[in-house]
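What follows draws every value from the coordinates through simple rules; no lab data is involved. Source: prediction; values computed, not measured. Here the Cβ is made from the backbone with ideal geometry for all residues, glycine too, and neighbour counts use every protein chain on show.
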Amino acid sequence: MKYVVTGSLGHISKPLAEKLIQAGHQVTIISSSADRAAEIEKLGATAAIGSIEDTAFLKQTFTGADAVYTMIPPTITAPDWKQYIANVGKIYAEAIQASGVKHVVNLSSIGAHMSEGCGPVSGLHFAEQALNNLQNVNVLHLRPGYFYYNFLANAGMVKHMGIIGGNYGPNTKMVLADTNDIAEVAAEALLNLNFAGKNIRYIVSDERTTKEIAAVFGEAIGKPDLQWIDFSDQDTLGAMVQNGLPEEIAKNYTEMGVALRNGEMAADYYQQKPVPLSKTKLEDFAPTFAQAYEQA
C-alpha cells in the first residue's frame, strides 16, 4: 500500500514510517525542510518537501495514497496559535477531499473535546471537526495523553533549582503517553485500515500523580527526595516568557495547565474508561530524563 506521513522525522512520524516501511509498503514523508530529504530517503521513504499550509502541494502529495497520517507540528511564530492549528486542520481536510484519500489517521490529543480553555489542544478540537466534516472519508483521531518527552524541558529546572513543577496542581493525576506507543497504535491502524466513519482512540501509557512523577525522576537521577512544586499560573507564564517563549505560546501552555489542573482536560478520557494502557511506563522513560538531566 501507499502511505503519506506528515510530521517529517519527528518523535512519532519517524518510528511510524519505519514500521510501515518494514512491513513492505511505500511511504512518502512530508517535511518543510529540504535538509531532511537525504535522511528521509535513507529510511527507504520518498521525501516530499513543502508546506502543510499549501493545499495544492498536499493534494498532489496525497493523491494516489491508500491512507494518510496527519499531525500539526508545534510553532512558536503564530500570532494566534489556536487559529493556526484550526487552519492547518482545514487545509488538511481540503487536500484530503480533493485527493480522494479514503483513510486518515490524525494525531490529536487528550482534551480535544474542549473547544476552548485547553491551550493548543482547543485548536486540535477544530482540526478534528474539519476532518469529521469530510464526506466518504474514514478518520481515526488518536488522542494521546501528555507526552513523556515534554518533561525533558524540566531537566534544567531540576538540575539548577533542585525542583520540578508546573501549574498542574499540587498532586494532580496526569494521563501520560510515550511517543513510541503512539507510533505503534498509528502503524497498526494504518496497516489494518479497520476503522470506518469518524472515530476517536485514546492512547495512554501511564497515569501518575505529579508527586509520583517527581519521585520516579528523582530516583533516576539519584535525588529520591525531589519534590513537585505547584506554580501559580502567573509565575508559570512569566517563567516561560523569561525563558524566551513568545507570550502567545506561553499563554496557551499556561491555559492547558489550568485545564489539566481542574480535570477538564482528561474528563472525556475518564468517561471512556476502561481504556487499556500501552506498554511504556514512566519508569521506562526515566533513564531518558536522567540523560537530559546530565546534559542540562
* Candidate aspartates and glutamates - alpha carbon under 17 Å from Lys102, same-chain residues fewer than 8 apart omitted -> Asp66, Glu94, Glu128, Glu188
* **Average Cα contact separation per residue, the chain, under 8 Å, 6 or more apart, as relative contact order %** => 18
* Straight-distance crosslink candidates among aspartates and glutamates, where the alpha carbon sits under 16 Å from Lys251 and sequence neighbours closer than 8 are dropped -> Asp80, Glu116, Asp233, Asp235
* Asked: With contacts defined as alpha carbon pairs under 8 Å and 6 or more residues apart, what's the relative contact order of segment 206-295 in percent?
  -> 38
* Asked: If the chain between Thr63 and Asn262 were fully stretched, how many nm would it gain, using 0.36 nm times the residue separation less the Cα-Cα distance?
  -> 67.3 nm
* To do: With +1 on each Lys and Arg Cβ and -1 on each Asp and Glu Cβ, and nothing else charged, work out how big the dipole of segment 54-193 is about its Cα centre, in Debye to the nearest 20.
  => 220
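Mind scanning Lys59/Lys82; Lys90/Lys273; Lys223/Lys281 and naming the pairs with a C-alpha gap bigger than 22 Å?
Working: Lys59/Lys82 24 Å; Lys90/Lys273 30 Å; Lys223/Lys281 20 Å.
Cα-Cα > 22 Å for Lys59/Lys82; Lys90/Lys273; rest within.
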* To do: About the Cα centre of segment 206-295, how large is the charge dipole given +1 on each Lys and Arg Cβ and -1 on each Asp and Glu Cβ? Please answer in debye to the nearest 20.
  => 240
* To do: Could you please report the charge total around Ile200, scoring K, R as +1 and D, E as -1 over all other residues with beta-carbon less than 15 angstrom from its beta-carbon?
  => +2
* **Among Ala215, Ala183, Ala38, residue whose mean-square fluctuation peaks in a GNM of the chain (springs only between Cα atoms under 10 Å)** => Ala38
* **Within-12-Å neighbourhood charge of Ile221 [Cβ basis; K, R +1; D, E -1]** => -1
* To do: Work out the length of the dipole vector of the chain about its Cα centre, built from +1 on the beta-carbon of each Lys and Arg and -1 on the beta-carbon of each Asp and Glu, and round it to the nearest 20 debye.
  => 600
* **Positive dipole terminus of segment 206-295, leading residue within Leu277, Gly218, Ala259 (C-beta point charges)** => Leu277
* Structure fact -> Between the modelled labels at Glu219 and Ile76 (7 Å from Cα along Cα→Cβ) the distance in nm is 3.3
* Structure fact -> Of the candidate values (1) 36, 23, 16; (2) 32, 27, 19; (3) 32, 20, 19, the one computed for semi-axes √(5λ) of the Cα gyration tensor in Å from this structure is (3)
